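Here is the structure we will look at.
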Amino acid sequence: MSLDEYLRERRAEIDKALQAALPVPPDCPAHLADAMAYSVTAGGKRLRPVLCLASCEAVGGDRAAALPAACAIELIHTYSLIHDDLPAMDNDTMRRGRPTLHVIAGDGMAILAGDGLLTEAFALLTREPRGLGQTMIDRKLRVMGIVATAAGPSGMVGGQAIDLASVALGADGTAPAPLSADGVRTMHAKKTGALIRASALAGAVMGGASDAQMDAIDRAAAELGLAFQIVDDILDVEGASADLGKTPGKDAAAGKPTYPGLYGLEASRTMAAECLARAERSLAAASLADSRLIEIGRWVVGRDR
Ligand code: GRG
């Protein structure tokens, strides 16, 4: 099966499971259910859930066991995008090719839809897979911890806090000191890297990975998370330069440090390729080189959106 076919198949499974996981009336008020569904069903690459399933398969697991975790992580990712787009954060009006949720439903409903997706993610993690023996129950519990840590103050929320503080003016109107290159790396490792890492780890745990496989997948996923961010920054620049009549990349315009801004475009491309090479070496050392994980890494680095 080609990677395109593989992605199509996995995305179809994920989308079906996401649809089934979304709360519905009468338990959930209809307008809140609609708001949550609006953002979850808007599309997106589904990178994190695909990675979760691929990682489970890579260690010889049954991907059905990882599907709830894959969906829970996509719910959390979608909540983070909704909140990130709010006027109090990045103030974006378009996401996944649609007007952002707060534009169509208002700030309050967008906040609540994000809150709902985050909490529903953990409800899903506790609820499914159902009817398991003790080994699988232990794995579920471990996954909950991995996902909570990655999404929380030491992970994604912490990274977003660093990001917010890096551009917030002081009470006297002074700009904060710019983040160092290490600071930028830490911010991204938390803000976007942590959930990508958790996606791969959650799949590996549900698939019954050995300690050596967990370690290799963790190191490879950390590299993939960094590569993802570097490529995201490159696409931001290239998207702007492809059509000079358009608004320049938002991060650069907001004075946020980007990889092309720090290192230049060519060096950024080289850095992303080096991350991929290190990820491949980690996986190969644990005999995981034949899995879909490496192809997914190449897709992340070679993507155009
Ligand atoms: C609000 C707590 C809180 C956190 C927000 C992830 C995040 C933290 C903000 C997103 C800001 C952003 C656009 C970062 C660039 C990298 C990124 C996460 C892009 C979006 O992820 P994709 O490309 O999106 O996987 P799709 O739509 O394909 O799922």
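The values are calculated or read from the model by the stated rules, or taken from the named source; none is laboratory data. In this text, all values refer to a predicted model and were calculated from it rather than measured experimentally. Note: ideal-geometry Cβ built from the backbone for every residue, glycine included; neighbour counts use all protein chains shown.
At a glance:
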| item | result |
| --- | --- |
| Matching residues in segment 288-305 - criterion: being over 17 Å from the mean Cα position of the chain (by Cα) and closer than 14 Å to Arg219 by Cα | Leu288, Ala289, Ile294 |
| Number of the exception - Asp233 against (1) among the charged types (D, E, K, R); (2) outside any helix (DSSP H, G or I); (3) within 14 Å of the ligand (Cβ to nearest atom) | (2) |
| Per-region count, segment 63-80, residues over 11 Å from Leu117 (Cα atoms) and within 16 Å of the ligand (Cβ to nearest atom) | 1 |
| Residue in segment 205-219 that is surrounded by 24 or more Cβ atoms within 10 Å (Cβ to Cβ), at pLDDT 95 or above, touching a helix residue (DSSP H, G or I) at 6+ places or on another chain (Cβ under 8 Å) and of a type in the set (D, E, K, R) present | no |
| Gly114 vs. criteria part of a helix (DSSP H, G or I), at pLDDT 95 or above and buried (at least 16 other Cβ atoms within 10 Å of the Cβ) | yes |
| Ile196 vs. criteria modelled with pLDDT of 95 or more and assigned to a helix (DSSP H, G or I) | yes |
| Residue match in segment 91-109 (condition: under 17 Å from Ala151 (Cα atoms) and either surrounded by 13 or more Cβ atoms within 10 Å (Cβ to Cβ) or at pLDDT 95 or above (or both)) | no |
| Conditions (1) away from the ligand (no atom under 15 Å from the Cβ); (2) part of a loop (DSSP other than H, G, I, E, B); (3) surrounded by 17 or more Cβ atoms within 10 Å (Cβ to Cβ); (4) not aliphatic (A, V, I, L, M); number of the one not met by Gly60 | (3) |
| Residue, farthest from the ligand (Cβ to nearest atom), within segment 143-170, restricted to residues that are modelled with pLDDT under 95 and part of a loop (DSSP other than H, G, I, E, B) | Gly170 |
| Residue list for segment 85-108, restricted to those being within 13 Å of the ligand (Cβ to nearest atom) and free of Cβ contacts under 8 Å to residues at least 40 places away in the same chain | Asp85, Leu86, Pro87, Ala88, Asn91, Met94, Thr100, His102 |
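Residue-by-condition table, conditions (1) under 24 Å from Val157 (Cβ atoms); (2) among the aliphatic types (A, V, I, L, M); (3) assigned to a helix (DSSP H, G or I):
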| residue | (1), (2), (3) |
| --- | --- |
| Asp4 | no, no, yes |
| Asp15 | no, no, yes |
| Ala20 | no, yes, yes |
| Pro23 | yes, no, no |
| Ser39 | yes, no, yes |
| Pro49 | yes, no, yes |
| Ala54 | no, yes, yes |
| Ala69 | yes, yes, yes |
| Leu75 | yes, yes, yes |
